[in-house]
Amino acid sequence: MFKTGVPILAANDIEATLDYYRRVLGFASSWTWGEPPTFGSVSWGNVTVMFNLQPEIAAHVRGHQHWFEVENVDAMCERHVAHGANIVSPIADKPWGLREYIVEDPNGYHLRFAARIREEPVEPSAPFPPGVALVRRLPTEEEFARVAGQEFYRDGVPTGVLERSWQGVVALSPEGEAIATLRIVQDAPGWFSVWDVAVLPEWRGRHIGAEIMREALDLVREASPGAFVYLFTFRQGFYARLGFADQTVSMIKV
Ligand SMILES: CC(C)(COP(=O)(O)OP(=O)(O)OC[C@H]1O[C@@H](n2cnc3c(N)ncnc32)[C@H](O)[C@@H]1OP(=O)(O)O)[C@@H](O)C(=O)NCCC(=O)NCCS
């Protein structure tokens with residue numbers, strides 16, 4: 001088991017770099033090695049970054065990224081702006097469930113500061129609507145583009161996504177139109193993953209999302225009892241009600 005890991009970044013001036021990390025970025029402590037310093041380190045809470053005097057490498061690092069998870073990303077961003085940090089990507093909610101911004105440090109490293117997006121409190125859903133039917137099949141390309149495409153593939157659904165899927169579940173409105181879809185991938189015997197769970201906005205909050213997920217889990221259980229099903233999500237609260245852990249990547253055994 002690993003105990004800790006610390007990056008050692010190439011710097012072209014150890015003192016100037018440490019000064020920037022303390023004064024502008026807010027790191028609380030630092031130390032150096034050598035006179036003049038050829039190595040240095042900054043720390044804040046559990047996070048440490050070390051620097052090695054390697055100007056020839058530092059000359060080529062521009063855009064190389066390092067990621068920091070922070071407690072209050074908005075407050076951190078305000079602090080960094082106030083201290084003159086070079087923000088190369090403004091703070092924004094990202095589709096991968098993080099609120100992030102990027103600072104370019106004096107050596108050119110791109111430091112991504114992020115925190116998990118706080119989910120808005122969700123109202124209890126209304127009962128499942130009469131006349132809506134659940135069908136065990138993959139959505140057609142048109143259904144998938146209309147329902148899931150809006151959420152997950154704004155630049156267009158790449159070819160082969162449906163073909164690579166094992167099965168799917170579609171919810172049909174009383175008029176027979178697809179209003180919710182998901183797809184299941186079989187990754188290996190006994191291993192499945194669920195992708196692109198989407199309900200059309202006007203049909204949300206009526207237990208349709210939960211029901212297509214239950215149907216998907218039943219489908220896997222019937223085909224492969226005891227299989228593992230995993231998913232990646234930034235709507236942890238929704239999946240937690242279905243037995244998944246309250247985590248970005250979660251897995252259950254059916
Ligand atoms: C997430 C989504 C699939 C939920 O579908 P839905 O049909 O609106 O949800 P349901 O009505 O089935 O919700 C079932 C329960 O989960 C709760 N719930 C729904 N979304 C939730 C969320 N984001 N966080 C916590 N709980 C949530 C509901 O309040 C309901 O609770 P209840 O049984 O106590 O009433 C839908 O909002 C959607 O398509 N969002 C856009 C795409 C997306 O984010 N997909 C999932 C990410 S992979």
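What follows draws every value from the coordinates through simple rules; no lab data is involved. In this text, all values refer to a predicted model and were calculated from it rather than measured experimentally. Ideal geometry is used to build each Cβ from the backbone, glycine not excepted, and the neighbour counts take in all protein chains shown.
Couple of notes before you dig in:
- The set of residues from the stretch 171-183 being of a type outside the set (Asp, Glu) and free of Cβ contacts under 8 Å to residues at least 40 places away in the same chain comprises GLY176, ALA178, ALA180, LEU182.
- Entry remark, the stretch 210-235: residues being closer than 12 Å to ILE252 by Cβ, part of a helix (DSSP H, G or I) and of a type in the set (A, V, I, L, M, F, W, C) number 4 in total.
- Looking only at the stretch 236-246, and only at residues there that are in a loop (DSSP other than H, G, I, E, B) and under 17 Å from TRP195 (Cβ atoms), the one that is nearest to the ligand (Cβ to nearest atom): LEU242
- Some residue of the stretch 19-31 being crowded, with 19+ Cβ neighbours inside 10 Å and of a type in the set (A, V, I, L, M): yes
- Subset of the stretch 192-209 [within 21 Å of GLN236 (Cβ to Cβ) and either β-branched (Val, Ile, Thr) or outside any loop (DSSP other than H, G, I, E, B) (or both)]: PHE192, SER193, VAL194, TRP195, ASP196, VAL197, ALA198, VAL199, PRO201, ILE208, GLY209
- For the stretch 142-176, taking the residues that are surrounded by 14 or more Cβ atoms within 10 Å (Cβ to Cβ) and among the acidic types (Asp, Glu), the one that is nearest to the ligand (Cβ to nearest atom) is identified as GLU151.
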